[in-house]
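Structure record follows, encoded as structure tokens.
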Amino acid sequence: MREIHVDTIASAVRDLCIRANTELGEDVLDAFRKALEREESPAGKDILQRLIQNAEIARTEGIPMCQDTGFAVVFVDMGQDVHIVGGGLREAVEEGVRQGYRDGYLRKSICHPFTRQNTGDNTPAIVHLDVRPGEHFRITLAPKGGGSENMSRVTMLTPAAGIQGVKDFVVQRVKESGPNPCPPTIVGVGIGGTFETAALLAKKALLRPVGSPHPDPELAALEADWLDAVNDLGIGPQGLGGRVTSLAVHIEMMPCHIASLPVAVNIQCHAARHKETEL
Amino acid sequence: MQDAVRLTTPLGREDVEKLRIGDRVLLNGIVYTARDAAHKRLVDLLHTGEPLPFDLEGQVIYYVGPSPAKPGRPVGAAGPTTSYRMDAYAPELIQRGLRGMIGKGARNDAVKAAMQEHGAVYFAAIGGAGALMAQSILSAEVIAYPELGPEAIRRLEVKDFPVIVANDCHGGDLYEEGVRRYARTA
């Protein structure tokens, strides 16, 4: 049995909040550079260059790359032989979010759904817990902005809709989202499971390094095909027209009910932020 | 690309009428921040006939909720939020003298019609480039609704703040035209 103190967890979450918001991943920067080679629109090229510049300023000056520093979505992958001491896991994560958003000068963007009263410290956090054999403790923190989350959808297709039906839904979703989710986007697609797991699969798909194909070659082929279809829409960087609407389509899939074909599209803006740490 | 046009707020109708979609503009002077909650309050004030926290005439509203300023800085990251959420309120503000809006994403027909009727312009800033855009903001002062936190109305002094004309007052829509130019689907 391995013991981990809640203060260790809170401190790790605090640092992840700050790092995720100020240090854009190399995978995303590489995707910008490759997009610059493909983009034909002068405005689109200009925007991509400025996004690279923006990431540099954020990293060197330690300020968030985007003012929407998001909802703190936290994935905790924990070994079942880990014993958390000193308090509760969820409280520890939220304390870390509280500290990170305060100390990192990050925006507090969480409010009551009706009164719109801000909670003031960016809590609650969204915590997804996965417990498996072992003594590991891994935290992934993915701040999710409102603009791209607003463009995301879940649908329950009929099994007859098949691959084509899922593709049509994905492409239509990107089309209708237009400029709103801050293209170039990453399109997370969750297929199968139930209503809520489809959404969770779509979100998890966004955590993969941008543009790394799915290990299943059939899904990897669908990712490439759907990315072409999405980019043929011509939406382009910031929706002002261009070749690069999305940097990648990432699919995650699991079995579903014989009556169902659940599909979720979780759109991620170009500020594709996530950081992880192992305790 | 064409050279950018330098404009200083407040803007006159004649300034706006010269602009066409795709024009790159460097804004100087004062812009006011307002997003969802502040817009609701502004329009509520108009409906009850009470004075607004600032005079709308010729002004530009920037749809932004900046992140907190680090010590010694005027503002944190400050890129635009998505504009369609302000579509419900924008026509009334345009009617009362608002001359420009800065945001990201397309506007609805009611906003576009009000812009054409009263001579207003909609500028797109680069969404998600908040660290870059903050460099063009010289000062920031909360002038209303501090209790709204990031959604408070701020008076920003900007220098060469880079935007692009997304909707002009002649009915042009860069979002529609740009996408039409690059779409490959039938």
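The values are calculated or read from the model by the stated rules, or taken from the named source; none is laboratory data. What you see is a predicted model, and the numbers here were worked out from it, not measured in a lab. Note that we place each Cβ from the backbone using ideal geometry, even for glycine, and neighbour counts take in every protein chain shown.
Are there any strands (runs of 3 or more DSSP E) wholly within the range A:115-234 with 1 or more residues that are within 28 Å of residue A:41 (Cβ to Cβ) and touching a residue at least 24 places away in the same chain (Cβ under 8 Å), and if so which?
Once the strands (runs of 3 or more DSSP E) in the range A:115-234 are filtered for at least 1 residues that are within 28 Å of residue A:41 (Cβ to Cβ) and touching a residue at least 24 places away in the same chain (Cβ under 8 Å), what remains is A:137-144, A:153-157, A:185-193.
Given (1) at pLDDT 95 or above; (2) aromatic (Phe, Trp, Tyr); (3) closer than 30 Å to residue B:151 by Cα, where does residue A:114 come up short, assuming only one miss?
With respect to (1) at pLDDT 95 or above; (2) aromatic (Phe, Trp, Tyr); (3) closer than 30 Å to residue B:151 by Cα, residue A:114 is out only on (1).
Answer yes if at least one residue in the range B:37-60 is of a type in the set (Lys, Arg) and over 16 Å from residue B:93 (Cα atoms), and no otherwise.
The answer is no; no qualifying residue exists.
Determine which single condition residue A:51 fails, assuming it passes every other condition in (1) outside any helix (DSSP H, G or I); (2) within 14 Å of another protein chain (Cβ to nearest Cβ).
(1) is the only condition that residue A:51 fails.
Of all residues in the range B:41-65 being within 14 Å of the chain's Cα centre (by Cα) and within 14 Å of chain A (Cβ to nearest Cβ), which is nearest to residue A:110 (Cα to Cα)?
Applying the filter and picking the extreme gives B:65.
This table checks each residue for (1) touching a helix residue (DSSP H, G or I) at 6+ places or on another chain (Cβ under 7 Å); (2) basic (Lys, Arg); (3) farther than 19 Å from residue B:78 by Cα.
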{"residue": "B:6", "(1), (2), (3)": "no, yes, yes"}
{"residue": "B:18", "(1), (2), (3)": "no, yes, yes"}
{"residue": "B:27", "(1), (2), (3)": "no, no, no"}
{"residue": "B:39", "(1), (2), (3)": "yes, no, no"}
{"residue": "B:42", "(1), (2), (3)": "yes, no, yes"}
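If you scan the range B:154-186, which residues turn out to be more than 8 Å from chain A (Cβ to nearest Cβ) and farther than 27 Å from residue B:5 by Cβ?
B:186 - this is the single residue of the range B:154-186 that is more than 8 Å from chain A (Cβ to nearest Cβ) and farther than 27 Å from residue B:5 by Cβ.
What are the residues in the range A:54-67 that are in contact (Cβ under 8 Å) with a residue 24 or more places away in the chain and within 7 Å of another protein chain (Cβ to nearest Cβ), if any?
Passing the criteria: A:58, A:63, A:64, A:65, A:66, A:67.
Go through (1) farther than 22 Å from residue A:105 by Cβ; (2) in contact with a helix residue (DSSP H, G or I) (Cβ under 9 Å, 6 or more places away or on another chain); (3) modelled with pLDDT of 95 or more; (4) not assigned by TED's automatic domain parsing to the domain that holds residue A:135 one by one and return the number of the condition residue A:89 breaks.
So residue A:89 meets the others, but not (4).
Return only the number of the condition from (1) within 27 Å of residue A:239 (Cβ to Cβ); (2) within 14 Å of chain A (Cβ to nearest Cβ) that residue B:69 does not satisfy.
Every condition holds for residue B:69 apart from (1).
For the range A:222-259, which positions are small (Gly, Ala, Ser) and either away from chain B (no Cβ under 14 Å) or within 21 Å of residue A:28 (Cβ to Cβ) (or both)?
Across the range A:222-259, the qualifying residues are A:224, A:236, A:239, A:242, A:246, A:248, A:259.
What number of residues in the range A:57-99 are over 23 Å from residue A:9 (Cβ atoms), in a helix (DSSP H, G or I) and not hydroxyl-bearing (Ser, Thr, Tyr)?
The total comes to 4.
Out of the range A:139-154, which residues are closer than 22 Å to residue A:214 by Cα and either modelled with pLDDT under 95 or polar (S, T, N, Q) (or both)?
Hits for the range A:139-154 are A:140, A:152.
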